[in-house]
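Working notes for the structure below.
The values are calculated or read from the model by the stated rules, or taken from the named source; none is laboratory data. For clarity, every value in this text was computed on a predicted model and none was experimentally measured. FYI the Cβ positions are ideal-geometry reconstructions off the backbone, even for glycines, and counts take in every protein chain you see.
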Amino acid sequence: MNTLSRLRAGQLAGIQRLDLSCGLTEFPREIFDLADSLEVLNLSGNTLSHLPDDLPRLHKLRVLFCSDNPFTTLPAVLGQCAQLQMVGFKANRIREVPAEALPPRLRWLILTDNQVEALPAEIGRCAELQKLMLAGNRLSGLPPELADCRQLELLRISANQFAEMPAWLLSMPRLAWLASAGNPMERVVPPAPSAPLPWQDIRIEKLLGEGASGLIHQAVWQRPDAAPMTVAVKLFKGEVTSDGWPQSEMAASLAAGAHPNLIPIAGPLAGHPEGTAGLVMHYIPPRFKTLAGPPSLASCTRDVYAPETRFTPEVALRIARGVASAGAHLHAQGLLHGDLYGHNLQCNAEGQCLLGDMGAASFLPADMAHAQALQRLEARAFGCLLEELLQHVDDTLDVAMRQTWVRLRDDCLQETVGARPLFAQILERLNA
């Protein structure tokens with residue numbers, strides 16, 4: 001984190017990224033001294049409520065974060081920033097999104113956890129928009145002009161007030177990752193009864209990691225009448241996340257049921273001393289590694305793989321089959337995963353994989369045509385994963401097999417949603 005004193009002393013000249021979180025009430029004018037180099041500006045965690053009218057002087061600015069501030073309106077001046085591509089105003093108090101606030105090159109807009117009731121029709125002019133994150137607002141609809149954003153790939157509308165899914169959304173040509181849980185339109189299917197695990201039977205040992213919705217700990221479960229068992233315990237934060245409500249994630253996780261390629265759930269947690277909700281999951285041994293890193297500012301919607309990543313054809317095929325099998329199982333259980341990505345896969349060296357993170361999952365509607373349209377949206381997400389596996393498979397993949405994989409990839413990625421295969425068909429082709 002940079003400091004205001006260093007900025008004012010001129011010690012940050014030439015930097016491309018500036019992070020200031022120090023109780024700012026006004027935009028520091030010294031930031032303009034960085035205009036010839038600054039590309040990423042992070043002013044999250046301050047008490048700002050407006051931006052200066054001459055913000056476009058930052059002529060190289062591509063990314064602006066202003067999360068956790070008390071803005072009530074998305075600043076109109078953003079629309080004058082010619083190079084601005086990513087705008088993040090999570091957890092403000094934003095009620096109004098003026099048309100003038102939309103930058104011409106906008107690719108990624110984050111308005112999670114605000115009070116937005118409507119988006120302007122002019123959002124349809126954002127031809128480069130790929131990622132739109134609107135969970136935790138007061139939206140009951142989307143402007144039909146958004147259908148003109150044909151590059152849109154990821155959409156989060158969870159925890160809003162949608163009574164029905166916009167029909168045009170189901171034919172968006174590149175949409176692959178959709179989260180819509182926690183709306184009145186959702187048909188929630190109660191999971192089979194699962195005995196809660198008492199908190200007093202759990203001994204927390206260490207923190208394993210932190211996700212958008214909670215903290216994951218390694219723990220020991222002192223099972224009644226059985227040997228102690230190492231488990232992972234996810235304690236939810238209890239607030240809206242980029243994907244939606246934590247309770248939606250818990251409901252989907254419990255409804256998913258058991259499958260060899262899903263991270264097993266032991267049961268819900270009960271009796272936490274602070275009333276915190278939690279899930280007890282099977283512990284994944286260290287030999288399993290996350291397949292890829294999450295999307296970067298540059299990649300926007302696509303995962304980031306280590307440059308040295310290589311798979312044998314056998315390992316790549318086993319990963320693909322495992323994911324397709326898990327996806328087919330979830331769809332059969334009436335669930336859409338919503339975040340089918342390499343960064344949500346734990347894989348070992350042999351290609352055995354486990355799909356986790358149900359934070360963006362939602363229950364499929366009862367209408368079969370509607371449900372299958374959503375499943376075919378997710379088929380595009382699988383096509384993206386298959387494309388990434390192909391990019392990292394080694395040279396031992398023979399020409400005929402590569403052509404077979406390419407045909408399946410292209411079928412999943414095609415822009416005519418209704419022509420994409422369902423997951424049961426994808427799995428059948430992989431097994432053949």
Please work out if Gly383 is part of a helix (DSSP H, G or I) and at pLDDT 95 or above.
-> yes
Please indicate, with yes or no, whether at least one residue in region 223-242 is at pLDDT 90 or above, crowded, with 19+ Cβ neighbours inside 10 Å, assigned to a loop (DSSP other than H, G, I, E, B) and assigned by TED's automatic domain parsing to the domain that holds Lys206.
-> no
Please work out which residue is surrounded by the fewest Cβ atoms within 10 Å (Cβ to Cβ), limiting yourself to region 318-350 and to residues that are of a type in the set (A, V, I, L, M, F, W, C) and in a helix (DSSP H, G or I).
-> Ala332
Some residue of region 308-317 being free of Cβ contacts under 8 Å to residues at least 60 places away in the same chain, assigned to a loop (DSSP other than H, G, I, E, B) and farther than 24 Å from Leu386 by Cβ = no
Residue among Leu20, Leu38, Leu61, Leu7 that alone is in contact with a helix residue (DSSP H, G or I) (Cβ under 9 Å, 6 or more places away or on another chain) and farther than 21 Å from Ile110 by Cα = Leu7
Might you let me know whether region 115-133 holds any residue that is within 23 Å of His331 (Cβ to Cβ) and part of a loop (DSSP other than H, G, I, E, B)?
-> no
Output yes when any residue across region 422-432 is modelled with pLDDT under 95 and farther than 26 Å from Ile216 by Cβ, and no when none is.
-> yes
Run down Leu146, Leu142, Leu178, Leu155 and say which single residue is in a helix (DSSP H, G or I) and at pLDDT 95 or above.
-> Leu146
Scan region 160-200 for residues that are among the polar types (S, T, N, Q), buried (at least 20 other Cβ atoms within 10 Å of the Cβ) and touching a helix residue (DSSP H, G or I) at 6+ places or on another chain (Cβ under 9 Å) and jot them down.
-> Ser180
All but one of (1) under 24 Å from Gln130 (Cβ atoms); (2) of a type in the set (Val, Ile, Thr); (3) without any contact (Cβ under 8 Å) to a residue 12 or more places away in the chain hold for Val323, so report the exception by its number.
-> (3)
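Just checking, which of Arg429, Arg409, Arg402 is charged (D, E, K, R), in contact with an Asp or Glu (Cβ under 8 Å, 6 or more places away or on another chain) and either in a helix (DSSP H, G or I) or in the same structural domain as Gly327 (by TED's automatic domain parsing) (or both)?
Arg409
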Taking Asp357 as the residue in question, decide whether it is more than 30 Å from Ile216 (Cα to Cα) and at pLDDT below 95.
-> no
Taking region 58-86 only, how many residues are under 15 Å from Gly45 (Cα atoms) and either in contact (Cβ under 8 Å) with a residue 60 or more places away in the chain or part of a strand (DSSP E or B) (or both)?
-> 2
Qualifying position, being under 21 Å from the mean Cα position of the chain (by Cα) and either part of a loop (DSSP other than H, G, I, E, B) or under 24 Å from Pro184 (Cα atoms) (or both), among Leu279, Leu254 | Leu254
